[in-house]
Amino acid sequence: ILQHPDGTVLKQLQPPPRGPREQEFYNKVYDSNCCDSILLELREYLPKYFGVWSPPTTPNDTYLKLEDVTRKFNKPCIMDVKIGQKSYDPYASAEKIQQQVSKYPLMEEIGFLVLGMRVYHMSSDSYETQNQHYGRSLTKETVKDGISKFFHSGYCVRKDVVAASIQKVEKILEWFEGQTQLNFYASSLLFVYEGSYQVTTVRLSDATLAEKRRVPKGLLSGGNVLEYNNNIHVINSTENGKIEASVSKGLSKFYALHKKACSKRHHSQLSLKVENSEQENVWKTSTCITQEHLNGNVLPQLEKVFCHVPAETKECANVEVRMIDFAHVFPSNTRDEGYIYGLKNLITVLQNILDN
């Protein structure tokens, strides 16, 4: 994949028949005269298509010009998951079928295969990369833990991202369950989310920490509200002694309240209440905290608290899930049961990660 100066990406057309077939697919879906509601809805789940492009120096080389789905992200975490029970199309030779099946014999049972991932870890300010050999090593028993790696920030599993991903995949599943025009083979879902938290100055208020930890301003259920005080500031690194102990104590108090509320929460949203007097006692004992502590001992504790707020209480994370790779798409008059099977199994795995 190459980058065009205008911000799009360029995917070189594969040799026939795969390349022309993929180009034909994009042309059909993005035809300006298209009035097919099924195809018009499908556009929502694909990268935008801007036609083909050839470099002036090598005009015989043809590239598909596509939206760069990662462009808006600062530290994009990316995962490519091949979907379906078969990674070979109906016209594949016996040799090709054997080759594909031998690569991942569990494809028919599991219904998807992780082709690779690139995950940003805040804890080390670095990326972890896994290739297709990692995906092929996953079994029915280990696939949940294998995929959960993609959602781990280095501090915790990003359950807000898992929840948002499930919603996106469910929308794609709805489309597949309502169409009988196309069958997809060896096609993938591309998952992208923002891996970085913007934590430079933290003030404990609904306008900052709540937003940056993706905790809603008011978590309403049964009339109770979680309120924040704004008594934490960034200052010189002088008052290191009592600060860490008091913040730790405050976090313990906050987490205890959070756990108590979790035990009686409803399915929809979390119920938390902090009395004003308690709130002041929790946070006013340390009115200041150093930048050093934010990046060191305190930040992991904040992560522990906020990352374990149940996902359904958080604002929807910035997540993209797009269908990609269409060299093996064929007309059909039946539902694509293999793809549907893979999507349902993937949703089940994601839901298990969320629930656990």
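The values are calculated or read from the model by the stated rules, or taken from the named source; none is laboratory data. On a predicted model such as this, the values are computed, not experimentally measured, just so you know. Reconstructed Cβ throughout: ideal geometry from the backbone, glycine too, with neighbour counts over all protein chains shown. Heads up: the accessible areas ignore ligands, DNA and RNA and are worked out on the full protein's heavy atoms, side chains in. Shrake-Rupley method; radii C 1.70, N 1.55, O 1.52, S 1.80 Å.
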>> If I go through segment 3-39 residue by residue, how many of them are modelled with pLDDT of 95 or more, assigned to a strand (DSSP E or B) and open to solvent by 30 Å² or more (accessible area, probe 1.4 Å)?
In response: 2
> Restricting the search to segment 40-86, which residues are open to solvent by 40 Å² or more (accessible area, probe 1.4 Å) and either assigned to a strand (DSSP E or B) or among the aliphatic types (A, V, I, L, M) (or both)?
Replying inline: L40, F50, V52, W53, I78
>> Going residue by residue through segment 198-215, is there one that turns out to be more than 30 Å from D336 (Cβ to Cβ) and modelled with pLDDT of 95 or more?
In response: no
> For residues in segment 139-185 being under 26 Å from L39 (Cα atoms) and part of a loop (DSSP other than H, G, I, E, B), which is least open to solvent (accessible area, probe 1.4 Å)?
Replying inline: Q179
> If you check S187 against the conditions, is it under 13 Å from I340 (Cα atoms) and either touching an Asp or Glu at 6+ places or on another chain (Cβ under 8 Å) or assigned by the TED database to the domain that holds R43 (or both)?
Replying inline: yes
